[in-house]
Structures are given as structure tokens and as C-alpha cells.
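Since the structure comes first, as C-alpha cells, the remarks are kept for the end.
The values are calculated or read from the model by the stated rules, or taken from the named source; none is laboratory data. On a predicted model such as this, the values are computed, not experimentally measured, just so you know. Every residue, glycine among them, receives a Cβ derived from its backbone with ideal geometry; neighbour counts consider all protein chains shown.
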Ligand SMILES: Nc1nc2c(ncn2[C@@H]2O[C@H](COP(=O)(O)OP(=O)(O)OP(=O)(O)O)[C@@H](O)[C@H]2O)c(=O)[nH]1
Ligand SMILES: [Mg+2]
């Protein structure tokens, strides 16, 4: 696991035009409301209160960008984490949701720094249509995706095995990563996937402002 030397909030963008200028590789963290996106982000950043977590779903309303600087032993020095708005939450108004979808889609299509799109799935809910569709769509856009099952601290060993198997079948053989934001289980495996994705992405020339 890398040593996170610095973790800072960069910006919250509610429209594409409001995105900060491109920089280091970006890792997008997506999933249903309450799946544990912000909790995971805080784990990756080793900072408890960096991203706001809550018991009230649907709190994150835009693309929230954080910047991490990693210690010298890590394969890369800088990266950005993007906390995406949660989908599938009924109490969030339809009009609000209709503004997110184009935002997430637009970001995914145009952002060449996007190195990995992480799809979080609550291990107790299992895989639903949204996740399957999102994964397929990312494939057609040639965006690398990683399935991550959250809250596995709530599961027995048998349940974990079954879920792993089901995900392998649903997501074309790609192994899911099982994590717990609570205990930190699986976080090193996710870091490995992040580093691999960052290395695989072709370097993007960034113009100096
Ligand atoms: N047991 C357990 N609870 C978790 C875990 N991860 C998150 N939670 C809890 O789940 C709730 C939602 O977590 P968040 O990280 O705020 O979820 P989110 O996906 O960011 O939610 P939105 O921003 O509303 O879309 C909080 O009460 C967390 O404490 C986990 O790995 N295990
Ligand atoms: Mg959140």
C-alpha cells in the first residue's frame, strides 16, 4: 500500500465545463447511493474525513475531485480520485438525476486522463441492471473498468465465494475485488489494480497553463 503524503480536495464540478484542467491520471469511483464510494475514497486517501460520508444517501451531487501525492515507493507520484454522484436513489429528484447522467457520460467520454472506472456494488444487494449496463457501456467506450464489491465485512466466507463466482460470470471473467471500507480488507488489491491501470494508460501531454 502506498504512503499517501498529501490528500486534498480539488473541486466539485456540476457541469463538464466546470472540471479542473487535466493533470495526473484519474480514478473514477461510481456506484449506487450508499454503496460506500466516499468511505472507500477516504480509505484510499488514508484520511477519514476527506470525502463526506453519510447515512443519508444521495449526498454527493457533482463530480468531486481529490488529488493524492504518493510516497516515493509507489510506482506513480500523483493521481486524482473522482467521487461520482450515486445513482439509483429514489428520493433524489428525477430532474437532478437527469443532469448527472450526461455529466458522468460526458466526463467518461472526453476525459483522456481517466485511467480506471471503478464500479462499486454493495455485496448484500448483488449485481443489478445498472451495473451490468454501465460495465457494458464502458467496454464500448474502451474505458478500463474494475468491479469492486463493498461492505464484505458483512458476509460469510461462503457468501463471498458465491458472489465472486457470480461476478466472474456476469462481468466476462474479470475478477472482482472484495473490499471493506470498515476494516480495510481488499484495499491493497485495489491499489494494485489502480497502479496497473495508470501504467497501462498512454501518457497524456498536459499543456502548461
Ligand atoms: N459495514 C460497512 N459499512 C460501510 C462500508 N462502507 C461504507 N459503509 C457505510 O455505508 C454508508 C454509506 O457510505 P458512503 O461512503 O457515504 O456511501 P456513498 O456511496 O458515498 O453514498 P452517496 O454519496 O450518498 O452516494 C455509511 O453509513 C458508511 O459508514 C463497509 O465497507 N462496511
Ligand atoms: Mg458519497
Q. What tally of residues in the stretch 138-166 results from selecting those that are assigned to a helix (DSSP H, G or I) and over 27 Å from residue 113 (Cα atoms)?
A. 13
Q: Among the residues of the stretch 2-46, write down those that are assigned to a loop (DSSP other than H, G, I, E, B), at positive phi and in contact (Cβ under 8 Å) with a residue 60 or more places away in the chain.
A: 34, 36
Q) Are any residues in the stretch 175-196 touching a residue at least 60 places away in the same chain (Cβ under 8 Å) and touching a strand residue (DSSP E or B) at 6+ places or on another chain (Cβ under 7 Å), and if so, which ones? A) 179, 181, 190, 193, 194
Q) Quick one: would you say residue 56 is within 12 Å of ligand 1 (Cβ to nearest atom) and either more than 12 Å from the chain's Cα centre (by Cα) or at pLDDT 90 or above (or both)? A) yes
(Q) The conditions are (1) on the phi > 0 side of the Ramachandran plot; (2) touching a residue at least 40 places away in the same chain (Cβ under 8 Å); (3) exposed (fewer than 14 other Cβ atoms within 10 Å of the Cβ), and residue 142 fails exactly one of them. Which is it? (A) (2)
**Q.** Output for the stretch 167-188, where each listed residue is more than 16 Å from ligand 1 (Cβ to nearest atom) and in a helix (DSSP H, G or I)
**A.** 167, 168, 169, 170
